[in-house]
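The values are calculated or read from the model by the stated rules, or taken from the named source; none is laboratory data. Keep in mind the model is a prediction, meaning the values are calculated, not measured. Cβ placement follows ideal geometry from the backbone for every residue including glycine, while neighbour counts extend to all protein chains displayed. Each accessible area value is taken on the protein alone, full model and side chains, heavy atoms only, with ligands, DNA and RNA left out. Shrake-Rupley method; radii C 1.70, N 1.55, O 1.52, S 1.80 Å.
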Amino acid sequence: MDTMRAVTISDFGARPELVELPVPTPGADEILVRIEAAAVNPFDWKVIDGALKEFVPHQFPLVLGNDAAGVVEQVGADVVRFRPGDRVCGQFMSVRHGRGGFAEYAVISEQSYVVVIPAGLSFDVAAALPTAGMSAYNAIDAACGASDQTILINGATGGVGQFAVQFAAHRGLRVIATAGPDMADYLGELGATEIVDRAQGDTVDQVRAAHPEGLNAVLDLVSRPADALRVAELLDTGGTLVSTVGGLDQDALAKMGVLGVNFQNKSSTELLTTIVAMAAAGTLKVRIDAAVPLSEVAAGAAALRTAHARGKTVILPG
């Protein structure tokens, strides 16, 4: 166990590579995890593009991959939350230290967003939960209050979107979800009460025709900032538009009587514990859209980046 395979970049904008690295040694407050599954998120590609380079130093080569799950192999002398043999999942990327989850082994501080997962929860499902699950939960928090409100989730077929449909439905919200015909029935199973079929025409036009009274909230996972004002026209006065893409003109939206929120996720071990428990209990469904061996991730990175996911893409040993 001297070396391991990992998917890394050598600089911002560099092409991912499959390389051999030394297996990391955990520090006093860290754990070493044998990775059994990792999950792909848009955040991983943003790191490659340098989205964080103005805010935090990066160490190269940088192992990619924020979300992963596996088995604790070693613990540092000061670790109290974990022991060898624990099954865990969490957010493993630390650009400051060049660390990530697209590897055979990863080190993470016990103070990071990592939790024990139940024996009945598979590693691939556990790996799919942290970033997308917590983002969806917090985004629904930001978008809606009362349980009798109506929310449009624009871009509901991806990983975050599918989780958001479920969290909104759990709160008693009326959920309108955008989807192609291949995903309509599944989103209905997740709790969407109405499907807007993108193949049938412009999303905004369809929703406006069906809901001329206006909506209470929109969670927009796909629209560019230039399209935001048009989407905002679907909202009733006092409504909320939450964008995970960012770039909302909040002053312009305020003049329309709309609260614009450029979403920033806030992770926590408490929230991750809740989401993991929901998945283990079967009250939160996770759709695995594709599984890719670690050995093929670097070569297939361009295709993974541009794929239109219908759930989560996971990376497995091999």
remark   = Just one listed residue, out of Val75, Val40, Val7, Val19, is in contact (Cβ under 8 Å) with a residue 12 or more places away in the chain, β-branched (Val, Ile, Thr) and more than 24 Å from Gly300 (Cα to Cα), and it is Val75
message = Can you tell me which residue is nearest to Phe163 (Cα to Cα) among those in segment 273-298 that are open to solvent by 60 Å² or more (accessible area, probe 1.4 Å) and at pLDDT 95 or above?
response = Lys285
ask   = Among the candidates Ser122, Ser147, which residue alone is out of contact with any strand residue (DSSP E or B) (no Cβ under 6 Å at 6 or more places or on another chain), open to solvent by 10 Å² or more (accessible area, probe 1.4 Å) and closer than 23 Å to Ile35 by Cβ?
value = Ser122
inquiry  = Suppose the filter is open to solvent by 30 Å² or more (accessible area, probe 1.4 Å), touching a residue at least 12 places away in the same chain (Cβ under 8 Å) and over 30 Å from Ala127 (Cα atoms); does Leu259 pass it?
reply    = yes
ask   = For segment 215-228, how many residues meet the condition of being crowded, with 17+ Cβ neighbours inside 10 Å and either at pLDDT 95 or above or not hydroxyl-bearing (Ser, Thr, Tyr) (or both)?
value = 9
query = If a residue has to be in a loop (DSSP other than H, G, I, E, B) and of a type in the set (Val, Ile, Thr) to count, how many in segment 1-56 make the cut?
reply = 4
message = Among the residues of segment 27-70, what is the count of those that are open to solvent by 20 Å² or more (accessible area, probe 1.4 Å), over 14 Å from the mean Cα position of the chain (by Cα) and not polar (S, T, N, Q)?
response = 17
